[in-house]
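A short write-up of the structure that comes next.
The values are calculated or read from the model by the stated rules, or taken from the named source; none is laboratory data. Predicted model only: the values in this text are computed from it and were never measured. With ideal geometry, Cβ positions are generated from the backbone for all residues, glycine too; neighbour counts draw on all protein chains shown. Accessible surface areas use protein heavy atoms only, side chains included; no ligands, DNA or RNA. Shrake-Rupley method; radii C 1.70, N 1.55, O 1.52, S 1.80 Å.
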Amino acid sequence: RRTYPVVEVLGRGTARKVFDLRAGVGGDFRVLHTLPRSPATAQRLETIRRAAERNLNLAKIHETHPDRDRIFVLTGWVWGIALDRYLADVRAGKQPRPSSREVVRLIRGLFHGVGHFHHDAHAVHGDIKPANVVLEPRPTKFTLIDFGSAWPAERTTRRHSGDGISPPYAAPEQIRENAPVDFRADFFALGVLGYELLTLEIPFDGVGGRAGLPNLRDAFAGKYCPPSARLPDRDRIPRAAVAGLDRFFARCLSLDPAGRFDNRAACLAAADELAHEFRPGSRLGSFGLGFLTWLDRVRGRLPPG
């Protein structure tokens, strides 16, 4: 029964940027989401709230308010620029194009954030796309801001055909009706997002996950182009890093889920190795990799775990 002045209607109209007079000393912006009310939704939100408390790449849930057939969810306002807007500005020449090293660093952090979300919330996000990611300036990192499409990991099929699907970022199994879907769909979406940041193009000639549909798979079987072939700064990247980049994205963007990383730990370890390959200097041994990962956590770049 509180009043929140609406500043802006966001996205599909189920979220609003509001001003919370009780936040901080002089108030602050929040995002007020409206979701259908059900026991499953309430339980899911509580799980996500706990998972987001210690995850640097997730927007924080401050409050939930059930009201008849709806649940109002108040989340923190993430200061930065939405990734879809940022990409549009880069293409228009209004923003500088990020280096491949910076993209790998940022995408590694987001992979870790999503991987920890899978583990802590035991849920799949299901709708990772640039519109749901904010590029924060201090420190520079990606933050996911919308979890309206998340579902429990035990539920391996979509709830409704087309629910929470955003081509071309959705994995092929999400687009196919009644196909099993798990955490590997999120890694596919992250792969599309990272590929777009590196090349300013969508893989598979712009169709993304739709290339894996039965009626399109043969036509697009040979359309995948490794990201290294389209990097403007390839000549400034170590050769080992170029090869590692192509291997990593080939796994993430496999049209068959069985071809992707089969567990969270393997994917995050590969993301770590890729980021270290991009660091200037000589290759590091296992001790050096472990030390730099620990140092990143100490500096607050990675969530714990």
* Are any residues in the stretch 262-293 assigned to a loop (DSSP other than H, G, I, E, B), within 25 Å of ASP120 (Cβ to Cβ) and either among the polar types (S, T, N, Q) or at pLDDT 95 or above (or both), and if so, which ones? -> ASN263
* Asked: How many residues, within the stretch 17-42, are under 13 Å from VAL6 (Cβ atoms) and not in a strand (DSSP E or B)?
  -> 0
* Structure fact -> Residues in the stretch 175-195 that are open to solvent by 10 Å² or more (accessible area, probe 1.4 Å) and either of a type outside the set (A, V, I, L, M) or under 14 Å from ARG251 (Cα atoms) (or both) total 7
* State yes or no: is ALA59 in contact with a Ser or Thr (Cβ under 7 Å, 6 or more places away or on another chain) and open to solvent by less than 50 Å² (accessible area, probe 1.4 Å)? => yes
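Each row is one residue, and each column tells you yes or no for (1) surrounded by 20 or more Cβ atoms within 10 Å (Cβ to Cβ); (2) more than 17 Å from SER99 (Cβ to Cβ).
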{"residue": "ASP218", "(1), (2)": "no, yes"}
{"residue": "PRO226", "(1), (2)": "no, yes"}
{"residue": "LEU245", "(1), (2)": "yes, no"}
{"residue": "CYS267", "(1), (2)": "yes, yes"}
* Close pairs (6 angstrom Cβ cut-off, 6 or more residues apart or separate chains): within 16 Å of VAL31 (Cα to Cα) and at pLDDT 90 or above in the stretch 63-75, among the acidic types (Asp, Glu) and surrounded by fewer than 18 Cβ atoms within 10 Å (Cβ to Cβ) anywhere -> LEU74/GLU63
* For residues that are within 16 Å of LEU197 (Cβ to Cβ) and assigned to a helix (DSSP H, G or I), tally how many sit in the stretch 66-115. => 23
* **Extreme residue, farthest from LEU200 (Cα to Cα), among residues of the stretch 86-102 that are open to solvent by 70 Å² or more (accessible area, probe 1.4 Å) and in contact (Cβ under 8 Å) with a residue 24 or more places away in the chain** => ARG101
* **Residue identified as among the β-branched types (Val, Ile, Thr), within 21 Å of the chain's Cα centre (by Cα) and open to solvent by 30 Å² or more (accessible area, probe 1.4 Å) among THR47, THR34** => THR47
